[in-house]
Amino acid sequence: MFEKPLGMRDTLPNLYETKEHVRSSLEAEMKCWGYQFIGTPALEYYETVGTASAILDQQLFKLLDQEGNTLVLRPDMTAPIARVAASKLLKDNLPFRLAYSANVFRAQQREGGRPAEFEQVGVECIGDETVSADGEMIALAVASLKEAGLKNFQLSIGHAGFVKELFIQILGTEERARELTKFLYEKNYVGYREHVKSLPLSSIDSQRLLAFLDLRGGVEVIGRTLDLIENEKGKEAILELKELWNIIRDYDIAGHIKFDLTLVSHMSYYTGILFEVYAGNVGFPIGNGGRYDGLLQKFGKSTGATGFAIRLDRLLEAIGELDETVPVNCILFSSERRKEAYELAKAKRLEGKRVVLQDISGVKDIDACTNKYSDVTFLVGKTGKEPVE
Amino acid sequence: MSEVLTIAMPKGRIFEEASDLLRKAGYRLPPEFDDSRKLIIDVEEENFRFILSKPTDVATYVEHGVADLGIAGKDVLLEEERDVYELLDLKISACYLAVAGLPGTKMNDVAPKIATKYPNVAAAFFREQGEQVEIIKLNGSIELAPLIGLSDRIVDIVSTGRTLKENGLVEYETITPITSRLIVNPVSYRIKDERISEIVNALSEVI
């Protein structure tokens, strides 16, 4: 066996077919919503896209070009798209709706079997700071997953701005807020509680920080946030969530939605509403998204943006194998009847059938060949003779 | 009742204390639960499925979502750094991670050797101390290493200190206290949130 680099995978025909089917359903829905697909290079400068990306530095594949510049294999599509949008597209100050399906690369430190290259299908809505745009992301995520055939899934929605404001209100400085956020990011709630108890806080404030961990569930969660937050920006975040809930109801997708304000997908990347997508039978999120108003600034444009990405490999795991395989016909011919075979193949292909043309003298095992295809036609020997086995 | 909840339990030392705790929290576990040799135990009246696994594997099962919940030692969580939520300190199976070695010895100046089951924890600890060490990963009988000259020190969990004493070793430094934690898969935590909150609340009452 010839080995592949750690975390790299081949896609064999069956999986390729399934993948293509799922990908095109997602893409079709995104196109229906007016999103335009774009492509960007696999390699980007580390200095710009690499550092702007939400992906941790140690997960980046880095290499040098001939001039000695550090390059990265794109670890996500959001940063490259922000680069394109900031430099080329955002001229007329209108919101821009872009989509992509592309392979991204993230080095895996542990367990070589995990994919280091995987495909993401996603959208970015750039230049729209309204909650309507956030709602559109959630609604489009739901619609495209349904279109792809996924039945059982849930989106959990949080708000990075709310967490930040609540922590700053109680702890006073951004640095202390960061320190506490880190426990959430690391999913260490035991550490979070111990840290809160170790801080010199009034019992009300300390209680608020502990109660924060329970802000999970249905829409009633938004009501409960009101007891915790006092500052203006925090209240704005709650208004956004309320508005978002109305939008979700108008899209008629409330059945897929839960709220979880403890959701922290990244230390600093997201700035507002954010969400993760879960399917019951897969142990990892199959997609995530949110508002990242700071990113465009890094490319010299100060405007808001929001988006989401679906991980195709995990979505495939959630959907399972496709039942139907597309039938492939085979025409086995000998040189005497070659032209006849070509014409038959052409006619069948025009009908949209998949046809393999195979010179019979190139087949060593006829049985293996007839087993492989759903339908085999023999055009062998002189015209008019019976097919030869 | 809602869907089945799968709980990964560590075999051995922690198992008994963990099942006692679940019983105290009001869950009816059958009496044969404790000495069963089965690896999968269904407790239908509670709608639980228990998976009995090696303690170090609990976090792996939970990370991959084949178990919704798990009970795992903090030592395992520190070593494995799995992507799971650490929800509760169950305060059972208390012990600590420590550096030990033969009494009255100094660490080799050049490249002291450290034998341990916890290479990541040990490496991080000595790095923070600015010590340059060579880590030797062993899978058991760690106390043997200094006795036969394999290592200068060991990093291991200590509960009563008896094993160390019986092998003529002494503690040099405490790294961190260890107890068992309730961990949960990030997807289960969101999708099965109501049942999981119920368990968390029931357990918090009796810790």
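Looking at the structure I just gave you, is A:GLU194 loosely packed, with under 15 Cβ neighbours inside 10 Å, assigned to a loop (DSSP other than H, G, I, E, B) and over 25 Å from the mean Cα position of the chain (by Cα)?
Details: loosely packed, with under 15 Cβ neighbours inside 10 Å: yes; assigned to a loop (DSSP other than H, G, I, E, B): no; over 25 Å from the mean Cα position of the chain (by Cα): yes.
Against the criterion (loosely packed, with under 15 Cβ neighbours inside 10 Å, assigned to a loop (DSSP other than H, G, I, E, B) and over 25 Å from the mean Cα position of the chain (by Cα)), A:GLU194 does not qualify.
Can you report the number of residues in segment A:273-316 which are more than 14 Å from chain B (Cβ to nearest Cβ), closer than 15 Å to A:LEU155 by Cβ and not hydrophobic (A, V, I, L, M, F, W, C)?
Start the filter on segment A:273-316 by keeping residues that are more than 14 Å from chain B (Cβ to nearest Cβ), which leaves A:273, A:289-310, A:312-313, A:316.
Add one more test, that the residue is closer than 15 Å to A:LEU155 by Cβ, and what stays is A:273, A:289-291, A:306-310.
Narrowing further to those that are not hydrophobic (A, V, I, L, M, F, W, C): A:289-291, A:306-307.
Qualifying residue count, segment A:273-316: 5.
Has segment A:105-122 got any residue that is on the phi < 0 side of the Ramachandran plot, more than 20 Å from the chain's Cα centre (by Cα), in contact (Cβ under 8 Å) with a residue 60 or more places away in the chain and surrounded by 15 or more Cβ atoms within 10 Å (Cβ to Cβ)?
no
Return a yes/no flag: does segment B:126-146 have any residue that is among the basic types (Lys, Arg) and closer than 20 Å to B:THR179 by Cα.
Just the residues of segment B:126-146 that are among the basic types (Lys, Arg), to begin with: B:127, B:137.
From the residues that got through so far, the ones that are closer than 20 Å to B:THR179 by Cα too are none.
Looking for residues that are among the basic types (Lys, Arg) and closer than 20 Å to B:THR179 by Cα, one finds none in segment B:126-146, hence no.
Output the strands (runs of 3 or more DSSP E) that fall wholly within segment B:62-110 and possess 2 or more residues being modelled with pLDDT of 95 or more and closer than 17 Å to B:ALA123 by Cβ, or say none. Explain how you work it out, then say what you get.
Numbers: elements: B:69-73, B:85-89, B:95-101.
Answer list for segment B:62-110: B:95-101.
Run down B:ILE136, B:ILE183 and say which single residue is in the same structural domain as B:GLY70 (by TED's automatic domain parsing), under 24 Å from B:ALA59 (Cα atoms) and modelled with pLDDT of 95 or more.
Working: B:ILE136 fails: in the same structural domain as B:GLY70 (by TED's automatic domain parsing).
Sole residue among the options that is in the same structural domain as B:GLY70 (by TED's automatic domain parsing), under 24 Å from B:ALA59 (Cα atoms) and modelled with pLDDT of 95 or more: B:ILE183.
Taking into account only those residues within segment A:155-188 that are within 14 Å of chain B (Cβ to nearest Cβ) and in contact (Cβ under 8 Å) with a residue 60 or more places away in the chain, which is farthest from the chain's Cα centre (by Cα)? Walk me through it before giving the result.
First pass over segment A:155-188, keeping only residues within 14 Å of chain B (Cβ to nearest Cβ): A:155-158, A:182-188.
This time we only want the ones that are in contact (Cβ under 8 Å) with a residue 60 or more places away in the chain, so: A:155-158, A:182, A:184-185.
Details: A:LEU155: 13, A:SER156: 15, A:ILE157: 16, A:GLY158: 18, A:LYS182: 24, A:LEU184: 22, A:TYR185: 20 Å.
Among those that are within 14 Å of chain B (Cβ to nearest Cβ) and in contact (Cβ under 8 Å) with a residue 60 or more places away in the chain, it is A:LYS182.
Residue check, A:ALA341 against (1) under 39 Å from the mean Cα position of the chain (by Cα); (2) not in a strand (DSSP E or B), all met but one. Which one?
That leaves (1) as the condition not met.
Would you check which residues across segment B:132-162 are polar (S, T, N, Q) and within 18 Å of the chain's Cα centre (by Cα) and list them?
Residues of segment B:132-162 that are polar (S, T, N, Q), as a first pass: B:132, B:139, B:141, B:151, B:159-160.
If the condition is that a residue be polar (S, T, N, Q) and within 18 Å of the chain's Cα centre (by Cα), then B:ASN139, B:SER141, B:SER159, B:THR160 are the ones that fit.
Mind counting the residues in segment B:91-107 that are of a type in the set (S, T, N, Q) and farther than 30 Å from B:ARG181 by Cβ? Can you show your working first?
Our first condition is that a residue be of a type in the set (S, T, N, Q); within segment B:91-107, this holds for B:93, B:105.
Cutting the leftovers down to farther than 30 Å from B:ARG181 by Cβ gives us B:105.
Number satisfying all stated conditions: 1.
Got at least one residue in segment B:68-85 being surrounded by fewer than 18 Cβ atoms within 10 Å (Cβ to Cβ), under 17 Å from B:THR6 (Cβ atoms) and under 18 Å from the mean Cα position of the chain (by Cα)? Before you say what the answer is, go through the steps one by one.
Let us first name the residues in segment B:68-85 that are surrounded by fewer than 18 Cβ atoms within 10 Å (Cβ to Cβ), namely B:78, B:81, B:83.
Restricting the remaining residues to those that are under 17 Å from B:THR6 (Cβ atoms) gives none.
The answer is no, given that none of the residues of segment B:68-85 is surrounded by fewer than 18 Cβ atoms within 10 Å (Cβ to Cβ), under 17 Å from B:THR6 (Cβ atoms) and under 18 Å from the mean Cα position of the chain (by Cα).
In segment B:152-207, which residues are assigned to a strand (DSSP E or B), basic (Lys, Arg) and touching a residue at least 60 places away in the same chain (Cβ under 8 Å)? Steps first, answer last, please.
Residues of segment B:152-207 that are assigned to a strand (DSSP E or B), as a first pass: B:153-158, B:170-178, B:180-184.
Still in the running and basic (Lys, Arg): B:153, B:181.
Within segment B:152-207, just B:ARG181 meets the criteria.
Can you name every residue in segment A:214-271 that is part of a loop (DSSP other than H, G, I, E, B), in contact with a strand residue (DSSP E or B) (Cβ under 6 Å, 6 or more places away or on another chain) and more than 14 Å from chain B (Cβ to nearest Cβ)?
A:TYR270, A:THR271
Residues in segment A:201-217 that are out of contact with any Ser or Thr (no Cβ under 8 Å at 6 or more places or on another chain) and of a type in the set (Phe, Trp, Tyr): how many?
Here the count works out to 0.
Hey, any hits in segment A:304-319 for a residue that's modelled with pLDDT under 90 and either surrounded by fewer than 14 Cβ atoms within 10 Å (Cβ to Cβ) or touching a Leu at 6+ places or on another chain (Cβ under 8 Å) (or both)?
Of the residues in segment A:304-319, the ones modelled with pLDDT under 90 are none.
No: zero hits.
The values are calculated or read from the model by the stated rules, or taken from the named source; none is laboratory data. All values derive from a computational prediction rather than experimental measurement. All Cβ positions, even for glycine, are placed from backbone atoms using ideal geometry, and neighbour counts span all protein chains on display.
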